[in-house]
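Step one of this worksheet: look at the structure below.
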Amino acid sequence: MALGQRRVYLPIEKFDKCAVCSQTSKLRLCSACGERIYCSQSCQKSDWPKHKIQCGKTDNISLTQFYPLLAHINDSATLHAEKPIHRAARHQIINTPNPGSGDIVQLIGSPPAKLVVLGEEVPLTMPGCHCPLWWPTALSDKVRAKMFRRINRQGFVLQRTLATCLGLLATIYTTTSGPPGPDGKQPRRLRLTYNSSGIADFGIVKGVADVKSQDRLLFYYTTTEELELGQQPEDHYWIYFTTFKGEEITLDCNMFPFNFSLLVDSAPCAGYGIPDLGLVPAYFRDREQSIYAPMIWDIKNRFSVLRNKSLHSAISNSNSDIPFTRKDQHDIWDFMDKVAGKPSTDDEHRMMIVYTDMSIRVMEPQLENRAWLKWPKEPQIAIEQDPEGTDPDPPYIDEWVEYMKKWNKKYYKGKITSEQLQAAKAKWEAKHGPISGTKGGRLT
């Protein structure tokens, strides 16, 4: 691929009017490409001399079917060899922050969190998830392993999330149809869809995750007498997808450090050089979840990746042979700093480019080989309960589900604001106590 060869082809932004006469009723898409809106056969026929240049076959990829790969990429990033190992994963835990126990402490100006007291450094040749020396007082090997994974998945949340979006931009949305190439094959356009509606936009959501104090971590290093806050839910990021009909779907792969253990099976995505990671963290908030499950975030802002022109330019030079130019890197870093609302560190700059390159390299062979056609249409999901016992469904759970179903419907119909939705949730919890649990396998 030559330098600058990638070019972004934007999909329809809104399903709102005929491309020829601007009529707003009886609309339908071009059946071949799904990239042009018409109100009648006559409008479609009159537009054909112009449209046939861009028309062609489109491979519509179900977001429900595809998101396990995105979760796989995010989790691979937490395990990347160039990612700095979390300091707490290299020091012995000398207190007992086991499930259902441990000290909850509060620093001035910070919310309460579970205290993890750390002692001497543990040799890197003895990974904490398998080494009793790392946490001698853990209730079991499973408890120790889960704590290690929670700690090891902390940090670089924005970088991992943005890199996943840039991978989508650089691979799926740089494809278009056209005349057959030298090999006689006609290029095929790739597009993400949800429930037969095309994805019109995607990007980063910045907000606050709803996390209880016992699921936050606060690290205290006895050898240096230093305190370190764990990953902060007040500085949280996830991905939004919007269809051209206005429906929003979200994907959050960054809640595992907060003991939010909803997982998806990524094993079908293995192949073409991608290892089998099995179950990986992912919360895919689709139409059903939007109705039944309460919001777990307070949204602050959204930042489009698909429709950001500076990012179009930045990924134009990205391919397996040529690294990002210095200008490309700065365009990506500038966008990252804008989302974060603050300058990024040198490590964050470095890992942003490492993760983006990885994201593109993982997606390319999967898309070139149309691997998604073999993946389950409905991926398997699971909830990893805390080892050494599971929490029973809290009281009033059935009433809670019905209560939040009613309020969520009002929110998604635009009848109430997110603040009113959160107020309704707070009103319930003030009367009955906090609700968090599972019901029939569904997150509630």
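The values are calculated or read from the model by the stated rules, or taken from the named source; none is laboratory data. Since this is a predicted model, take the numbers as computed values, not measurements. Neighbour counts are summed over all protein chains in view; Cβ atoms, including those assigned to glycine, are modelled from backbone coordinates with ideal geometry. With ligands, DNA and RNA removed, areas are computed over all heavy atoms of the protein, side chains included. Shrake-Rupley method; radii C 1.70, N 1.55, O 1.52, S 1.80 Å.
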Collect residues whose amide H, placed 1.01 Å from N in the peptide plane, falls under 5 Å from the amide H of His236; neighbours closer than 5 in sequence don't count. Gly207, Ala209
Please find, in a Gaussian network model of the chain (springs between Cα atoms separated by less than 10 Å), the residue of Leu29, Leu115, Leu311 whose mean-square fluctuation is greatest. Leu29
From the cross-link list Lys83/Lys212; Lys300/Lys342; Lys185/Lys377; Lys114/Lys342; Lys405/Lys425, which pairs have alpha carbons spaced over 23 Å apart? Lys83/Lys212; Lys185/Lys377; Lys114/Lys342
Which chymotrypsin sites (Phe, Trp or Tyr not before Pro) in the range 231-330 sit in a loop by DSSP (not H, G, I, E or B) and have at most 15 other Cβ atoms within 10 Å of their own Cβ? Tyr272
At a Cα cut-off below 18 Å, give the aspartates and glutamates reachable from Lys309, other chains included and same-chain residues fewer than 8 away excluded. Glu13, Asp201, Asp328, Asp331, Asp334, Asp337
So what J values fall out for the range 20-29 if you push phi through Karplus, 6.51 cos²θ - 1.76 cosθ + 1.60 with θ = phi - 60°, rounded to Hz, Gly and Pro as x? 9, 10, 6, 5, 10, 10, 6, 7, 8, 9
As a check on your grasp of the helix formula, calculate [θ] at 222 nm for the chain: sum -39500 (n - 2.57) over DSSP H runs of n ≥ 4, divide by the residue count, round to the nearest 500. -10000 deg cm²/dmol
Each residue of the range 302-313 in order: what ³J(HN,Hα) in whole Hz does its phi give by Karplus 6.51 cos²θ - 1.76 cosθ + 1.60, θ = phi - 60°, with x for Gly and Pro? 10, 9, 5, 9, 4, 10, 9, 5, 5, 6, 4, 5
Going by Cα centres, the range 1-65 and the range 209-232 are how many Å apart? 50 Å
Selected from Asn195, Leu227, Val208, residue furthest toward positive end of dipole (the range 186-232; charges at beta carbon): Asn195
Using a Förster distance of 60 Å, how high is the FRET efficiency between Ser110 and Gln41, based on the Cβ-Cβ distance and rounded to 0.05? 0.40
What's the carbon and sulfur percent of the chain's accessible surface, probe 1.4 angstrom, rounded to a whole number? 52 percent
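Solvent-accessible area per residue for the range 237-395 at a 1.4 Å probe radius, Å²? Walk me through the numbers before you get to the answer.
Working: 7130 Å² over 159 residues.
It amounts to 45 Å² per residue over the range 237-395.
Kindly provide the trypsin sites (Lys or Arg not before Pro) of the range 49-145 that DSSP labels as loop, not H, G, I, E or B, and whose Cβ sees at most 15 other Cβ atoms within 10 Å. Display every interim value, and only then the final one.
Values: sites: Lys50, Lys52, Lys57, Arg87, Arg90, Lys114, Lys142, Arg144; in loops: Lys52, Lys57.
Sites meeting the loop and neighbour criteria: Lys52, Lys57.
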Karplus (6.51, -1.76, 1.60) ³J(HN,Hα), θ = phi - 60°, over the range 230-244, in Hz, Gly and Pro reported as x: x, 3, 9, x, 6, 10, 10, 9, 8, 10, 10, 10, 10, 7, 6
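Select from the range 348-382 those trypsin sites (Lys or Arg not before Pro) which occupy a DSSP coil region and have at most 15 other Cβ atoms within 10 Å, ordered by residue number.
Working: sites: Arg350, Arg361, Arg370, Lys374, Lys377; in loops: Arg370, Lys377.
Here the trypsin sites (Lys or Arg not before Pro) that fit, given the DSSP loop and packing criteria, are Arg370, Lys377.
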With the Cα gyration tensor of the range 271-320 giving a ≥ b ≥ c as the square roots of its eigenvalues, does the rule (a/c under 1.5 for rounded; else a/b larger than b/c for prolate; else oblate) give rounded, prolate or oblate? oblate
On a straight-distance basis, which aspartates and glutamates could pair with Lys142 in a cross-link, Cα separation under 12 angstrom, same-chain partners fewer than 8 positions away excluded? Glu384, Asp386, Glu388
Virtual spin-label span in nm between Lys427 and Ile383, 7 Å along Cα→Cβ: 2.6 nm
Can you tally the lysine pairs in the range 1-56 where the Cα-Cα distance is under 20 Å and the two residues are eight or more apart, or on different chains? 6
What number comes out for accessible area per residue over the range 11-160 if the probe is 1.4 Å? Units Å², please. 48 Å²
